[in-house]
Each structure stands twice: as structure tokens, then as C-alpha cells.
Amino acid sequence: MISLWIPLIVAPLLLAIRLVRRPRPLPPGPRRKPIIGNLFDVPLQNPFAAFDTWRKQYGDIVYLEVLGNSIVVLNGMDPITELFERRAGNYSHRPVVQMVGELMGINRSIGLNNNDKVWRQQRKLAAIALGPVGAKQYIPLQERLVALFLSELEERPGDFMGLCELAAARLILEITYGISIENMENPYIKEAEDIFELVRRGVQPGAYLVDFIPWLKHVPAWVPFSSQATAARGRAQVEAFVNRPFESVKTQMAANTARPSLVASLLSDRSDVEGLDFEEILKWAASTMYDAGGESTAITLKSFIMAMALHPEAQTMAQQELDTLLNGSRLPTLDDRASLPYVNVCIKEIYRWHVAIPLGLPRRAEKDDIYNGYLIPRGSIILPNIRGIAEEGDHLTRFTPEIHLNKYADGSSDAPDPLSYVFGFGRRACPGKLLAENSLFIFIASILTVFRITKDIDSDGNEIPIDPKFQIGLMSHPEPFKCRIVVRSPETKKLLANQLLDRPIRGGG
């Protein structure tokens, strides 16, 4: 009798084993060629056109393969939320980048460090310094630097792109290290630009042969195609960039001359870092905020000026709201934020209209995973297509801030809130998000209060068209363009002069 039951028991078990062992399909994507995979399917000059096409053709998750490396592109908030937030333990790692990461040492920064103990302590220090309590101490500095920016923009409106970059660099350098700068030729700024160029170039596929053939890192410097000489030069640059401003703060603290800063504050009140080297962790955390924070702010400010020149109707509505609140008596402050809903949604629309970091920073799958029945292989590079989620490629000619008014909380729109994607996701979300939001609000609200932005005029009195083009890369700056920036009225000019007296534009030191 027992033998009759054996087939009934064993057959389902065998079927279950077969189902478990059956290989899961990879996500959909363009057809792969032998060996090279999709190497030539992504045009380097405009990769986003290909991503937009694949998003429409294959949906929220697309699989590519390049020389045996798996790449998964996420085109929607559903897979991003599921993988980066609910399954953060598997997807908070960074790809292993041999040259700029391991050999040059940038893998010690928050941006490229892996999801390990050191990285978690770096994030903890950043949260202490830049969280809701910490960010408040920087508000007077933000408002003072806005006053300086407005003054310089009135004097040199034709140099608005350079002034946006200078203002953002000043802000992040002074907040991080308490260092004031006069221009972009400052050595600290030049070092930061050099390091970011290293990172920009180093994360591009194919930038260095050692990234595809890791054992080349062991080849001596005298051998042709060795990576050692390039790595040594880069590492020396990186060490100088990370150490110089940090050691300057320590020297000033010893002499009791240090100005308030993030680094000085954390050095004065050291947190427990679970037995790790506190200064090493702080040094690298600070350098990441200094290097990355300024550039994204500059991109957003330049994009805002371009959008206002292209869409004067939105500019007019924002200025009417500011005029009603301020009555021409003062410049805006962060306390006004809740009373300026249209200005706030203008900023949200800027985030959507042009995404500063269009593909975010790539993640790496630590182990095999299944999502919606598809296999995501261990070691896959995961790219969040933030530009695609924002639909920038489809709607760059449209600028409609009003669509963001009250539409997220009540479920009246399927479109994601730009604040849900522009500052990253899950454990890797930008630790300086609140500081960045505060800075952009006070800069943009102040520009709108003081200036009118229009298209430039040629010698015949005709408007010069603006073609909204943006650079392709890790961070996407607007291509150079011309516009007119003028003080709105004689009364506004007097207001600016008076307000500059109330906000001294030069700090000490």
C-alpha cells in the first residue's frame, strides 16, 4: 500500500526541483551580438535617445550586455523603489572601478565606497552635519552668499554661467571647510575640478583597459600599457585634494582661528565611529560633499536661467507671487518658503525639466536576484534612468510648474514627484538633500525677486533663439547660451542696494 503513495509524493517533489532549477529569463532588451553584446548599440554622442527608445519598447526594466558585463537599466519608479529601497541590502553597492576607484583611491569616498562599515560611518557623520538640525546653522551663510551673488550678477550679467558656478562653489566650500574664495581660479576649486574630471572620465565604459582586464593592475610601470604611472599621478592628485583643506581646518583650529564649518564642527564634537579612524572617515566624507555638491547646484541654477528665458509666462507668475508676499520691501528668506507655493513648484519643474545627473550613479547587484520573474545576475551594473523617469527627452519644450501643485499627496497624478528621484534612492540618497533644497530655494527666489530674464536681442532688435541643449556625461551641464538679465525696476535696484547693507557680502578670513 505504501508503494502506491510513493509516486504521488515523489512526482510533485521532482516537478518542484525542476521548476527551481529552470533558468529564469533575463529582462527584455535589444538583441546581443556574440562576445561584444550591445557594445555598439549605445551611441556615445547621444545615449539617451537609445534609452528613450528602449524604455518605450521594453518597459521599466531593460537588459544589456557589454563584453560579458551585465547592465540592467531601470526606467520606472516601481523597480527602483523595489530594488533600491526594499532590497537595499543587495543593491546599495557600487561597481568595482579599478582605475579611479582602487588604484587612484577614490573608492574611499562616500560616492564610490561600498555598502560597508566605513561607508555607513561616513553617512552617519554626513547626517549629523547636514540633517534638519545641522542644516539650520548654515542659513545665515546661504543668505549672505546669495546677496554676494546678486551683487555680482547685477555687475556682470553676461557672465551668469560662470557666476552660477562660482556661487555654488563658494557655498559648498565655505560650508564644508569655512574657506572663502574670490574666483574660480582658487587652488581648492582647481583641484576639485581636476578630481571631478578624473571621476567623469574614469566611470565612462572603456576609459581604462584595466577596468576590463583587472589583472593589468599588477603589471609594472615600465611595461607598455601599464596602468601604474597613470594611477600614481591620479592618486597623488586625489590625496592632495582630500588632505589640503582638511589639514587647513585642523591648523586653524589649533590656532583658534577656524571659521564655522562642517569639518570644524565634527572635529570639535567627535562621534563614535565603532573603532575606525575618525579623521580618515570625516576627511573622505567632507571631500565628497565638497566635490559633488557644488556642481549639481550650479547645473540647476544654469538650467533655471535657461528655462526662465524660454518660458516667460512661468517667470511672470512666480514674480507676481513674490511681489504679493514681499511688497517690494525685502529679499526673500527661507522662512518664506511655505508662503510661495508657485516658486516651489517652479523649482520642482526645473528638477524634472533637466536632470543634473541623468543616470544617477550606478549600483551593483551583490547576488543573483529575481524581479518580476526576471533574473538579475550577480555583479550586474544597475542604472536608474532618471532622465527617462522625468520624461525630459519627451517634454523638454514644455515647462508647466502648475502640474506639481497638490498632485502627489492626493494621488491625482501618476507622474512621480521630482523630489522622489533627483536626490537619489534608498541608502544611497544624497545626504545633503536638505541643504541643497534650501540653497536652491533662496537662490532662485532671490533671482526672481531682483531680475527679469529674457532672450538676448541681436543688432536688429530681434530675439536670439535659445536651443536647450545639454552636455552628455555623468553630470549634464547646459551648453553655453546667451540671455538678458536686467534688474526689474529702479525700485528693485534700490531694494538690492539696501538689502546688501543688511547682509554683509564679505565674510571674514
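When Gln45, Gln57 are checked against the criterion of being modelled with pLDDT of 90 or more and either at positive phi or exposed (fewer than 12 other Cβ atoms within 10 Å of the Cβ) (or both), Gln57 stands alone in meeting it.
Look at (1) touching a His at 6+ places or on another chain (Cβ under 9 Å); (2) among the small types (Gly, Ala, Ser); (3) loosely packed, with under 12 Cβ neighbours inside 10 Å and you find that Ser476 fails only one, number (3).
Among residues that are on the phi < 0 side of the Ramachandran plot, part of a helix (DSSP H, G or I) and either surrounded by fewer than 21 Cβ atoms within 10 Å (Cβ to Cβ) or in contact with a strand residue (DSSP E or B) (Cβ under 8 Å, 6 or more places away or on another chain) (or both), Leu125 is not included. Restricting segment 100-110 to residues that are in a loop (DSSP other than H, G, I, E, B) and more than 18 Å from the chain's Cα centre (by Cα) leaves a set whose member that is surrounded by the most Cβ atoms within 10 Å (Cβ to Cβ) is Met104. Residues that are within 25 Å of Leu419 (Cβ to Cβ), in contact with a strand residue (DSSP E or B) (Cβ under 9 Å, 6 or more places away or on another chain) and not basic (Lys, Arg) are absent from segment 275-291 altogether. Taking every residue in segment 356-372 that is free of Cβ contacts under 8 Å to residues at least 12 places away in the same chain and pairing it with any residue that is buried (at least 17 other Cβ atoms within 10 Å of the Cβ) and of a type in the set (A, V, I, L, M, F, W, C), at least 6 positions away or on another chain, the pairs with Cβ-Cβ distances below 8 Å are Asp368/Leu375; Asp368/Ile376.
The values are calculated or read from the model by the stated rules, or taken from the named source; none is laboratory data. For clarity, every value in this text was computed on a predicted model and none was experimentally measured. Don't worry about glycine lacking a Cβ; one is built from the backbone with ideal geometry, like all the others, and counts go over all protein chains shown.
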